[in-house]
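Scroll down for the structure; my scribbles are underneath it.
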Amino acid sequence: MRHLVAITGVLAATGALANGLAFDERVIDAGFHVEQSPLVASLVAGGRHVILAGRDDAHQQHLAVFDIDDPAQPLLDLAPGNHLIAYDVGRIAGQDSLYFVEPGRIVRFDLDSGKFAEFIAIRTIYGQQRSGRIMPIDFIRDINGDERDDVVVPDTAGYRVRLQRADGTLGDEVVLEQSSAMSVSDGSVSFESRPLVSGSMTDDDLVDLAVWRGDTLLVYEHLGDDRFSGEPQAVPLELGLLSEAEMRNRTQGLGAVNQEGLVDTRILQIEDLNGDGLPDILTESLLNLGVFDKENDFRLHLGRRDGEMISYFEAEDSLLASSGLQYGLITTDLDGDGRKDLYVRKVRMSFGRVIRALLAGNVPLQLHFYRMTDDDTYPEEANYVTKTNVSFSMSSGQVDIPAIKVADFDGDGLEDLLMQIDGDELEYRPGIREDELFVDDGFEMIIALPRNGELVTVENLDDDGRADLVVRYNESDGDGPSRTVRLLLAR
């Protein structure tokens, strides 16, 4: 049996669903086209705030701060100059603040006084004034797991890291050598920061940092005294991975190399999945059987202690194989047991299926959920499978991507599934403490959803332990909606 709940109106409360879940809606009219993912922080004591950024019709940049409890008027409406390159929120010395990167420094904006103040001088990859949009970049975050935000800025020489001490001051700067990559193509030079991961990778209990470079893990040891070694220790990974040079040759040779039967194996992500403090590796192997016929699989390699440095077995600990194409893999703790479970989207790709999809205007999309077992592996078959559709228009080229969110919306410690099943319909399936993970019968809600479901994000807006939704739109949804953000607070 399904239950239908409509969510309409400013500050309107929905009726409760069968298990007591309901949302309060608050609508923000930003006054400009919101183009960046919202950030949430407590910028003034006792308050909760949403930071929005975008442009007006004259293509001037705007950044605004709204109080979640009273979003009718912004607390701040800033026209950021080109010297303000990127922004972030972070907690330094016990206070959430809004920070900006400028050439040569980071500045803090004080919401009470309405003034900028220099935070620290820095060297970064962002050495010039911006010519495009102002962007949110996560340069203030906790990277060593001590629940204190640190400063992490990318530079051509590598990440520049300063850890926050217990007293709120910052430690000395360390440059993580070889943590950035430079490429030269057709006379242009570009720099890219390699993904930065953390975990216990040496023979102590301290949290180290690492980046991966093709088939090698570069580990930056935690030296104590709030600092890391800037010079990495190289850990070869015998996992059938391409080296960085091989990956570059494959990419640059695209269209000139016979792709049929070619297998590419690359690192998808590195994080602690089984809760033992050691980073684990997920790899992806893509098999090309033809232009419209591709398959891939994901392999888990658990991190293990081997003397002074972490190691990984060549043989995988788990294999998630597929007869189709898996993408968008997400790791999350569905059942609250401290281990990371997985869910992944899956489509079947072949020439016949592509033709049928073009005629029908939609592609069936499956969701596969895998719960990590007590022996730190994933089952061969998914614990839970459901499906929806990706729709597209042959005339306009518009692709409608369904919103799919997994989080604890009712505060019971289990993550729930919210999935778009039609234009403005979300289906809610509560989590359960069984291998099936979610209830079979869902409850439907009506809400004005964007055509791109990726614009729906999960936040804890009111800091009550329940997951909430932030819904924004783009211009494909209309001129009015693209200036609007909806806050849905679970209660």
Debye calc, one equal point scatterer per Cα of the chain, no solvent, log10 I(q)/I(0) at q = 0.06, 0.10, 0.11 1/Å comes to -0.30, -0.93, -1.16
Solvent exposure, largest accessible area first (probe 1.4 Å, DNA, RNA and ligands not counted), of Val184, Val27, Val344
Val184, Val27, Val344
Among the aspartates and glutamates, select those whose C-alpha is under 16 Å from the C-alpha of Lys115, and discard any that sit fewer than 8 residues away in the same chain.
Asp77, Asp96, Glu102
If the only charges are +1 at each Lys and Arg Cβ and -1 at each Asp and Glu Cβ, what is the size of the charge dipole of the chain around the Cα centre, to the nearest 20 debye?
1900
Within straight-line cross-link reach of Lys294, lysines at Cα separation under 21 Å, skipping those fewer than 8 residues along the same chain:
Lys346, Lys387
How far apart, in nanometres, would the label points at Asp70 and Asn288 be if each is projected 7 angstrom from Cα along the Cα-to-Cβ direction?
6.0
Tell me the label-point distance for the pair Leu325, Asp205, using the 7 Å Cα-to-Cβ offset, in nm and rounded to one decimal.
4.7
Accessible area (Å², per residue) of the chain, counting only protein heavy atoms and a probe of 1.4 Å
46
Does the stretch 176-244 come out rounded, prolate or oblate by the C-alpha gyration tensor, with a ≥ b ≥ c the root eigenvalues, rounded set by a/c under 1.5 and, if not, prolate when a/b is larger than b/c and oblate if not?
oblate
If I ignore ligands, DNA and RNA and count only protein heavy atoms, how much of Ser193 is accessible to a 1.4 Å probe, in Å² to the nearest 10?
40
Put Arg451, Arg371, Arg305 in order of accessible area, largest first, probe 1.4 Å, and you get Arg305, Arg451, Arg371
In deg cm²/dmol, rounded to the nearest 500, the helical mean residue ellipticity at 222 nm of the chain, built from -39500 (n - 2.57) for every DSSP H run of length 4 or more, is -1000 deg cm²/dmol
Return the sequence-ordered ³J(HN,Hα) values of the stretch 399-412 in whole Hz as given by the Karplus equation 6.51 cos²θ - 1.76 cosθ + 1.60 applied to θ = phi - 60°, using x for Gly and Pro.
10, 9, 9, x, 7, 9, 10, 10, 6, 8, 8, 9, x, 9
Taking a ≥ b ≥ c as the square roots of the Cα gyration tensor eigenvalues, with a/c under 1.5 meaning rounded and otherwise prolate when a/b beats b/c or oblate if not, the stretch 46-187 comes out oblate
May I ask which residue of His49, Leu63, Ile270 lies farthest towards the positive end of the charge dipole of the chain, with charges of +1 (Lys, Arg) and -1 (Asp, Glu) on Cβ and the Cα centre as origin?
Leu63
In terms of solvent-accessible area of protein heavy atoms at a 1.4 angstrom probe, what is the ranking of Asp337, Asp186, Asp172, highest value first?
Asp186, Asp172, Asp337
Note: Phe191 to Thr169 extended length (0.36 nm per residue) minus current alpha-carbon separation gives 4.9 nm
Reported to the nearest 10 Å², Glu192 has, with a 1.4 Å probe, an accessible area equal to 120
Taking R0 as 41 Å, what's the FRET efficiency between Asp376 and Asp424 from their Cβ-Cβ distance, rounded to 0.05?
0.50
Report the calculated FRET efficiency for Ala181 and Glu308 (r = Cβ-Cβ distance, R0 = 30 Å), to the nearest 0.05.
0.65
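The values are calculated or read from the model by the stated rules, or taken from the named source; none is laboratory data. A quick note: this is a predicted structure, and the numbers were derived from the prediction, not measured. Because the Cβ atoms are built from the backbone with ideal geometry, glycine has one as well, and the counts that use them run over all protein chains shown. Side chains included, ligands, DNA and RNA excluded: accessible areas come from the protein's heavy atoms. Shrake-Rupley method; radii C 1.70, N 1.55, O 1.52, S 1.80 Å.
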